[in-house]
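What follows is a single structure, written as structure tokens, with notes after it.
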Amino acid sequence: MHPPVTGTRHELENDGVRVAVGAVAGVLRSLEVDGIQLVEDFGDDVLPPFGAGITLFPWPNRVRDGNWSLDGKTQQLDITEPSKGNASHGLLRNTEYAVLEKDGSSIELGATVFPQHGWPFTLRHCVKYRAIEDGLEVTHTVTNLGTREAVFALGAHPYFRIGEEPIAELVVTSDLLERVLLDDRLLPIGTEPIEPGGAFDLTRGREVGQLDLNYAFRVRPSGDRVLLALESRTGARLEVWGDEAFRHLQLYTPSDFPRPDGHHGGTGLAFAAEPMTAPPDALNSGTDLIGIGSGETWSAAWGVRFSS
């Protein structure tokens with residue numbers, strides 16, 4: 001029997017909340033509350049489709065041409081998105097995280113980014129998943145193991161659903177402040193404020209099926225640090241929350257998300273809401289990049305709440 005593509009699968013449980021995590025990319029494989037699946041799942045023998053559930057470190061989204069500058073010196077990252085000529089979603093997408101600590105309801109995984117092409121820093125990234133009473137708490141911790149000050153950003157790539165409810169009929173609500181404008185390589189060329197009542201205004205709720213999204217947004221959290229809410233016609237409500245560091249969301253609505261037989265079948269609409277600490281190409285723009293001194297540690301959390 002071959003091991004799962006995402007490495008060892010770890011199961012967590014706490015009072016009706018069940019979580020599954022894979023070791024490769026520290027991937028979130030499953031999240032159930034009272035038997036209702038809240039993220040897109042996938043088979044053990046396939047890569048996470050469309051990056052489903054992976055952690056994004058030491059940057060989320062894309063770096064233009066894999067090229068950026070540090071202290072006046074050009075840095076050239078390996079191109080990991082050949083179709084668009086970019087470096088995409090960090091350096092740990094294919095790395096197996098080690099288990100640092102585990103109990104019945106939580107697990108902490110860790111991996112190190114060492115100096116390599118276009119990346120001169122040594123950073124330790126740890127991600128802790130904790131099943132809590134109404135959902136999931138995900139804490140990211142970064143430690144600078146090198147001798148010089150470093151910069152980074154991070155994110156996560158979950159695709160959300162509410163059980164077997166049709167994705168198109170789920171209503172998404174968020175206070176989006178600004179949209180990142182993109183070129184045909186999905187790279188930023190500017191920003192624009194969200195126009196009240198316009199195509200990207202989600203403050204009053206819009207059905208996912210009415211949206212065609214693959215954009216990053218700056219978001220204003222509402223009460224309890226809620227970045228976004230997803231509701232079904234039956235009244236079930238999923239909330240994505242984040243600490244102050246998570247000021248950005250990538251929203252993506254692919255129509256061809258692959259699903260195993262037995263769940264919707266074949267391919268179909270999916271909804272990604274990716275909490276990020278910085279927008280696309282932040283290594284070049286510097287927007288919300290996080291600086292960390294030698295020996296210092298940084299930490300922030302995001303998570304999911306659910307009520308039915």
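The values are calculated or read from the model by the stated rules, or taken from the named source; none is laboratory data. What you see is a predicted model; the values in this text were computed from it and never measured. Reconstructed Cβ throughout: ideal geometry from the backbone, glycine too, with neighbour counts over all protein chains shown. Remember, those area values only see protein heavy atoms, side chains included, never the ligands or the DNA or RNA. Shrake-Rupley method; radii C 1.70, N 1.55, O 1.52, S 1.80 Å.
Couple of notes before you dig in:
- Qualifying residue in the range 211-230 (condition: open to solvent by 10 Å² or more (accessible area, probe 1.4 Å) and more than 20 Å from the chain's Cα centre (by Cα)): yes
- Extreme residue, surrounded by the most Cβ atoms within 10 Å (Cβ to Cβ), among residues of the range 127-168 that are part of a loop (DSSP other than H, G, I, E, B) and of a type in the set (A, V, I, L, M): 154
- Residues satisfying the stated conditions in the range 1-31, i.e. among the charged types (D, E, K, R) and either buried (at least 21 other Cβ atoms within 10 Å of the Cβ) or in a loop (DSSP other than H, G, I, E, B) (or both): 15, 29
- Filtered residues of the range 71-100 (kept if farther than 17 Å from residue 25 by Cα, of a type outside the set (Ser, Thr, Tyr) and exposed (fewer than 15 other Cβ atoms within 10 Å of the Cβ)): 71, 72, 73, 76, 78, 82, 85
- Tabulated pairs, the range 1-20, first at pLDDT 95 or above, second in a loop (DSSP other than H, G, I, E, B) and surrounded by 15 or more Cβ atoms within 10 Å (Cβ to Cβ), C-beta under 6 angstrom, 6+ apart or interchain: 12/105; 14/105
- Pairs meeting the criteria (first residue in the range 236-253 and on the phi > 0 side of the Ramachandran plot, second residue aliphatic (A, V, I, L, M) and in a loop (DSSP other than H, G, I, E, B), beta carbons under 9 Å, at least 6 apart or on different chains) are lacking.
- First in the range 284-307 and without any contact (Cβ under 8 Å) to a residue 40 or more places away in the chain, second anywhere and small (Gly, Ala, Ser) and surrounded by 13 or more Cβ atoms within 10 Å (Cβ to Cβ), Cβ under 7 Å, 6 or more apart: 287/278
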